[in-house]
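Enquirer: Can you read through this structure? Questions will come right after.
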Amino acid sequence: MSHVRSFGTCIPAHHAVSRRGFLSEGAVHAAGAVTVAGCFASDMGQIHALRSEEVARELRNQDKRVILLWLAGGASQFETWDPKPGAKTGGPFRAIQTNATGVHISELLPELSQRMHHTAIIRSLNTKIADHGGGADLVETGRLKDPGILYPDLGAVVARELGRLESKVPDYVSLYTSTEGRRKGTSGFLGARYAPMFLSESMIPLNIARLDSVAEIDHHARAGLREALGIRFAASRRSQTVDSQNSAYQRVQGLMASAELFDITQEPAEVQARYGPTQFGHQCLIARRLIEAGVPFVKVARAWWDSHGQNFETHQELCADLDHSMSVLLDDLEQRGLLKNTLVITLGEFGRTPQINSSLGRDHFASAWSCSLSGLGIRGGVAYGKTDPEGHTVVEGEASAADLFATILAALGIDHKHEYTVGARPVPLADFGSKPILDVLT
Amino acid sequence: MDENNTPGSTEPPSAALIAVTLPNKVTVLKTFPLPGIGFCLATASDKSLIYTGLSDFSILRANLSAEKIEPAAVGVNGHTSYVMGLVRCGETLVSGGYDCSLIWWNAESGEIIRRSSDAHARWIRMLAVSPDQTRIASVADDMQTKLWDAVTGACLATWGDYEAQTPQGFPSMLYAVAYSVDGKWLATGDRTGRVLVRDASNGQVAATIETPVMYTWDPTARRHSIGGIRSLAFSNDSSQLAVGGMGKVGNIDHLEGVSRIEVFDWQTGTRRLEIEDSKHKGLVESLQFGPQDAYLVAAGGDNGGFVSVWNMADGKLLAQDVAPMHVHDFELSLDGRSLIAVGHQQGAVINLFSVSG
């Protein structure tokens, strides 16, 4: 058997990518990552060498979904999930009782306070890295960067684990319309197949519309002809490459058809009104539509929380947006029976300092901060971990970015210790030594 | 030093002296530590005794004539959040805070005389007292202006007329309030840069002034806003209104806009002066006209602080220096030659000199 070598591993020839396929994948992938990502994207058998296909199929059949509300720039834990009213560092806001006994959150989140039965708060993140890029790299992938390997982010891992090969909708959609701190996300060694469909300038995907010069009827006729020829061809020349070619065409057609998922005007006016007038609200509604249509992972970035000046005013604006939009989203998911299968996460690259600076701002802080997990697999009404009375340090239940990654995977029913094989290197889904926080899981 | 420069000075100087002597130097005379952020200031009539409301929810009293200034707490069990407004009416102090309450205190004993726990539905941002000390005006993020009987604590009037939300759909804020020196007018200013001047007797809006540069909405990079009108001051003849805040901001993560003042002949709506400080950035948190309206003193800051003196004849800078802290409030002495300021973790006595040559 002939072999091709890529990224330090030998891949059997029948797993190798065709030249056309390689160029096609390379074209949609960032320069520099093409070689690694493009090759491995075609070789999931190799990456998943240790996984029972039955287990994977069963997992995918459960229709589990994730919505990540990315609080870009770093929201303050004091003004959200870990208020310290009366402390020197606490700021001016009060803590309010939630509908979970003994759990208090900032008064800036009154609507979410009444939905705490869906939500577990983790108040004890210590991720150490307090610069935007480094913090985001760490939190998004659950591990420190490694010059020898491109790690996939959470969205790509979930897309890989929960996405269906035959799916006609994207596996990973990322919306980040603000320009500050904009990050596309990365599928790393999982390859372009799991890279996000990234929407930045517009909430409607660009370049997937049918050309005006091709009539609708012609478009469908061409697809039918291609499918018929493909089936006939595959009948006598069955191989993974041919299957892959067919599934790629199906996905492209699916993506073209999915444009309407991004069009919230197709929702009843009452539903649109409930989500409110803000762009973040609109994007939460898009996220619900995508989840409902079967997209496993949707990231909605709400920038920009980097409140070095006027922290309290900034959080009055942004928390109002988060509180309302996320509350409506949780209600909507619950009413549609989707919340039991959907994990909703709020997370950013870090939190903010206990000290209030001269501009009435808070600066970057990664030593003791918070996130929230709601819905699927989560024990609602729990506040896990503890910081000291002024919020300088974690005093109970310290959790790393890797632990959080493992917790999210565990909530989804994914074995965080399962290993991908990249070259000869075993790479667990969550970093070595990570432990899920069992107290927040059902 | 001219004896009129001392903060405790009670005798107003002659008008002739003020008319010809514009300050051209700002000097910090002394500082004193505060256990938190001093947001607001009230003084006894002789200005040697000051009161300040803080971020630790307390009100402190300090004797500026003491050799070592050691602020001490006024009373206990007061506010449960930041104290943002403080006025003195005779022997009574009235404070307002982010806990939405107004509290009447005996200024001497610290005893609480009266408490209105739900004076406003949202954060109280500032108080102003009428010149005759019979009325107190409060503004809050419920976007209402309320008028209170300074003695009985009765709410005499509630005035709205502001939008609850910014044009982009986020909560607005009503930051500033000032009485005219003749007591007839009441000015208020909000986050979006709208000033309303009301007849203080009946709340009727006499003038609406827009200062949109004070408000920055970032629609692209960060999708939130910063700024707002943070200070208002009527001239001594009540004909002019100075509005303080910050100019347009590029990176709204920081207070990096230039400090900005607009001065209006408010009854005609004419903007007399537009002052942007090229040297000091940040919010103009407090404003006060000097004697005979010859100059305007402004203070505020970003991560640092500033005190500036502007010539009201032409809007040019007369004197300026960094303050030892971001200044949130100040009061000018009766002679207009010194000021007492409070701000981030500190208070200060600052003199305004006229240095010849």
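Read-outs: derived from the displayed coordinates by stated rules, not from any lab. Small disclaimer: the values here were computed from a predicted structure and weren't measured. When we count neighbours, we look across all protein chains shown, and the Cβ atoms used for this are built from the backbone with ideal geometry, even at glycine.
Enquirer: Can you tell me the dipole magnitude for chain B around its Cα centre, using point charges on the Cβ only (Lys, Arg +1; Asp, Glu -1), in Debye to the nearest 20?
Expert: Details: 27 positive and 39 negative charges, 100 e Å.
Taking the Cα centre of chain B as origin, the dipole is about 480 debye.
Enquirer: Go ahead and estimate [θ] at 222 nm for chain B from helices alone: -39,500 (n - 2.57) per DSSP H run with n ≥ 4, summed, over the residue count, rounded to 500. All intermediate terms of the calculation are to be shown ahead of the outcome.
Expert: Numbers: 1 runs with 6 residues, N = 357.
About -500 deg cm²/dmol.
Enquirer: A follow-up question, please. Would you order A:ILE264, B:ILE136 from fewest to most other beta-carbon atoms within 10 Å of each residue's own beta-carbon? Walk me through the numbers on the way to the answer.
Expert: On the way: A:ILE264 19, B:ILE136 27.
By the 10 Å Cβ count, ascending, the order reads A:ILE264, B:ILE136.
Enquirer: Would you work out if segment A:57-96 is rounded, prolate or oblate? Take a ≥ b ≥ c from the square roots of the eigenvalues of the alpha-carbon gyration tensor; rounded if a/c is under 1.5, else prolate when a/b is larger than b/c, oblate otherwise. Write down the numbers at each step before the final one.
Expert: Details: a/c = 5.49, a/b = 3.15, b/c = 1.74.
Judged from the Cα gyration tensor, segment A:57-96 comes out prolate (a/c at least 1.5, a/b above b/c).
Enquirer: Here's a follow-up. Quick one: grab the alpha carbon gyration tensor of segment A:319-435, order the square roots of its eigenvalues as a ≥ b ≥ c, and give me rounded if a/c is under 1.5, else prolate or oblate depending on whether a/b is larger than b/c.
Expert: Numbers: a/c = 2.11, a/b = 1.17, b/c = 1.81.
It comes out oblate by the Cα gyration axes.
Enquirer: If you don't mind, there's one more thing I want to ask. Given H placed 1.01 Å from N in the peptide plane, which residues other than close sequence neighbours of B:ALA200 have an amide H under 5 Å from its amide H?
Expert: B:TRP185, B:LEU186
Enquirer: Please work out the C-alpha center-to-center distance from segment B:52-81 to segment A:329-356 and express it in whole Å.
Expert: Using only Cα atoms, the two centres lie 41 Å from each other.
Enquirer: A follow-up question, please. Kirkwood Rh, the protein assembly as shown, all Cα pairs: how many Å? Mind dumping the intermediate values first?
Expert: Details: mean 1/r = 0.0345 Å⁻¹.
Evaluated on the protein assembly as shown, it is 29.0 Å.
Enquirer: For a footprinting-style exposure proxy, rank A:TYR194, B:TYR295 by other Cβ within 10 Å, fewest first. Intermediate results must be reported in sequence, preceding the final value.
Expert: On the way: A:TYR194 29, B:TYR295 22.
Going from sparsest to densest Cβ surroundings: B:TYR295, A:TYR194.
Enquirer: Mind checking which of B:VAL129, B:VAL258, B:VAL151 has the largest fluctuation in a GNM of chain B, springs on alpha carbons under 10 Å?
Expert: In this elastic network of chain B, the residue with the biggest mean-square fluctuation among B:VAL129, B:VAL258, B:VAL151 is B:VAL151.
Enquirer: For segment B:223-278, give the magnitude of the charge dipole about the Cα centre (Cβ charges: +1 Lys/Arg, -1 Asp/Glu; no others), in debye to the nearest 20. Write down the numbers at each step before the final one.
Expert: Values: 6 positive and 8 negative charges, 38 e Å.
The dipole of segment B:223-278 has a size of about 180 debye.
Enquirer: Quick one: check the C-alpha center-to-center distance for segment B:313-357 versus segment A:281-297, whole angstrom.
Expert: 55
Enquirer: Looking at chain B as a GNM with Cα springs under 10 Å, which of B:ALA200, B:ALA66, B:ALA187 has the largest mean-square fluctuation?
Expert: B:ALA66
Enquirer: Suppose the chain between A:GLN62 and A:GLU390 were pulled fully straight at 0.36 nm per residue; how much longer would it get relative to their current alpha carbon spacing?
Expert: Working: separation 328, 0.36 × 328 = 118.08 nm, distance 4.26 nm.
Extra length available between A:GLN62 and A:GLU390 comes to 113.8 nm.
Enquirer: Would you please give the residues with an amide H less than 5 Å from that of B:GLY257, counting only those at least 5 places away or on a separate chain, with H modeled from the backbone geometry?
Expert: For B:GLY257, the qualifying residues are B:GLY282.
Enquirer: Still on this structure, please answer the following. For the residue pair B:ASN202 and B:SER356, what label-to-label distance in nm results when each label sits 7 Å from Cα along the Cα-to-beta-carbon direction?
Expert: A separation of 5.4 nm, rounded to one decimal place.
Enquirer: From the square roots a ≥ b ≥ c of the eigenvalues of the alpha-carbon gyration tensor of segment B:198-340, which class results: rounded (a/c under 1.5), prolate (a/b over b/c), or oblate? Before the final figure, lay out each step's value.
Expert: Values: a/c = 1.89, a/b = 1.17, b/c = 1.62.
Verdict is oblate for segment B:198-340.
Enquirer: Roughly how many debye, to the nearest 20, is the charge dipole of segment B:247-357 about its Cα centre, given +1 on each Lys and Arg Cβ, -1 on each Asp and Glu Cβ, and no other charges? Don't skip to the answer; put the middle values down first.
Expert: Numbers: 8 positive and 15 negative charges, 35 e Å.
The dipole of segment B:247-357 has a size of about 160 debye.
Enquirer: Averaging over all projection directions, find the projected area of the Cα convex hull of chain B and quote it in nm² with one decimal place. Intermediate results must be reported in sequence, preceding the final value.
Expert: Working: hull surface 65.8 nm².
Taking the Cα atoms of chain B, their convex hull projects to 16.5 nm² on average.
Enquirer: Right, here's the next one. Which residues' amide hydrogens lie under 5 Å from the amide hydrogen of B:GLY300, considering only partners 5 or more residues apart or on another chain, with H built in the peptide plane?
Expert: B:GLU285, B:PHE306, B:VAL327
Enquirer: Give me a comma-separated list of calculated 3J(HN,Hα) values for segment A:219-234, in order, Karplus coefficients 6.51, -1.76, 1.60 applied at θ = phi - 60°, integers in Hz, x for any Gly or Pro.
Expert: 4, 6, 5, 4, 5, x, 5, 4, 5, 4, 5, x, 5, 5, 5, 5
Enquirer: Now for a different question. Could you give the nm distance between label points at A:ILE149 and A:GLN114, where each point is 7 Å from its Cα heading toward the beta carbon?
Expert: 4.8
Enquirer: Positive end of the dipole of chain B, charges at C-beta (+1 Lys, Arg; -1 Asp, Glu), about the Cα centre: which of B:TRP217, B:ALA298, B:VAL322 has its Cα farthest in that direction?
Expert: B:TRP217
Enquirer: Hey, in the GNM for chain B with a 10 angstrom Cα cutoff, which one of B:SER172, B:SER65, B:SER101 fluctuates hardest?
Expert: Among B:SER172, B:SER65, B:SER101, the largest GNM mean-square fluctuation belongs to B:SER65.
Enquirer: Using a 10 Å cut-off around each Cβ, can you sort B:VAL74, B:VAL139 from fewest to most neighbouring Cβ atoms?
Expert: Details: B:VAL74 24, B:VAL139 31.
Ordered from fewest to most neighbouring Cβ atoms within 10 Å, B:VAL74, B:VAL139 come out as B:VAL74, B:VAL139.
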